[in-house]
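Read through the structure below, which is laid out as structure tokens, and then see the notes.
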Amino acid sequence: LLEKPMAFDPREVDTLIDIARSKGVILQPGHQERYVLEQLGLTGLTETPREIQCVRAHPAMDRNTDCSVVYDLMVHDLDILHTLNPSAISTLEAQGRSCHTEHTDDVSVRMTLEDGCRVQLHASRAAEKPRRQMRLVFDQGWLDFDMLSRQVINTTGKALGMITASDAPQTLPLSGDPLALQIDEFLRAISRATPLLVTPEAARRAIDSAWRISQLLNDNPSQEHNRVQA
């Protein structure tokens, strides 16, 4: 069970996958936010959003200072993005600034996917207060999530997953701790050979996008932090 980020380069993820296969062991990436999507029933939608906006921010902390906020926080939303819409990235723009580490601590990203979906992501570890918000825009309306207050507003006029058709604020139908759900699934995969919700091949997409963003920002962890050992 490998906590995010799995690595700093998609080629390193490929190496980890090859090692796991050669040893015959389970390799599960630590993308616990996927269990939130699964509980909300959003991983099985027949309609993909035409716009995705995510904000994930908190004040400065001492953790994960060996990499940029892209690998620290934004990687969660990159995995959510690629889960909700598997279309490839067509255009990519990124802006970032360093605040209290040698890496970028505040990053804004704009993307267009090949199917026309517009994406805006913002991640910060230099914010005045925590924020975790997501908006999914569909043809009929949108879903507005506040993950800290666990509330959602649905203006689409129809139920989407476990979100009922009501534009009044409703409590997110979540049960259990995503981290605990992730650990439970890992243990079941080992003991009962059950399939993983989050595979390393799927998590590689988030690392590939994080790497591309880091290339644009000219912010890449040094080889001293390389997570793959020969």
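The values are calculated or read from the model by the stated rules, or taken from the named source; none is laboratory data. Here the structure is a predicted model, which means the values were calculated and not measured. Here Cβ is always computed from backbone atoms with ideal geometry, including for glycine, and neighbour counts include all displayed protein chains. To get the accessible areas, we keep the full protein, side chains included, count just its heavy atoms, and leave off ligands, DNA and RNA. Shrake-Rupley method; radii C 1.70, N 1.55, O 1.52, S 1.80 Å.
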Within the accessible area of the chain (1.4 Å probe), percent carbon and sulfur: 49
Candidate values [x] 17.6, 54; [y] 39.5, 128; [z] 17.6, 61, label of the one derived for Rg and Dmax of the Cα atoms in Å: [x]
C99 accessible area, assembled protein chains, probe 1.4 Å, Å²: 60
Within the stretch 1-34, backbone nitrogen closer than 19 Å to the virtual label 7 Å beyond the Cα of A180 toward Cβ: 31-34
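Please give the length that would be gained between E47 and D139 if that part of the chain were fully extended, namely 0.36 nm times their separation in residues minus their C-alpha to C-alpha distance (nm, one decimal). Write down the numbers at each step before the final one.
On the way: separation 92, 0.36 × 92 = 33.12 nm, distance 0.94 nm.
Gain on stretching E47 to D139: 32.2 nm.
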The stretch 1-83: GluC sites (Glu not before Pro) falling in loop per DSSP and having at most 12 other Cβ within 10 Å: E47
Per residue, in Å², the accessible surface of the chain once ligands and nucleic acids are set aside, probe 1.4 Å: 49
Those aspartates and glutamates that a straight Cα-Cα span of less than 16 Å connects to K158, excepting residues fewer than 8 apart in one chain: E47, D139, D144, D167
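Once the piece of chain linking S166 and T15 is laid out straight, how much longer is it, given 0.36 nm per residue of separation minus the C-alpha distance between them?
Numbers: separation 151, 0.36 × 151 = 54.36 nm, distance 4.64 nm.
Taking S166 through T15 to full extension adds about 49.7 nm, to one decimal.
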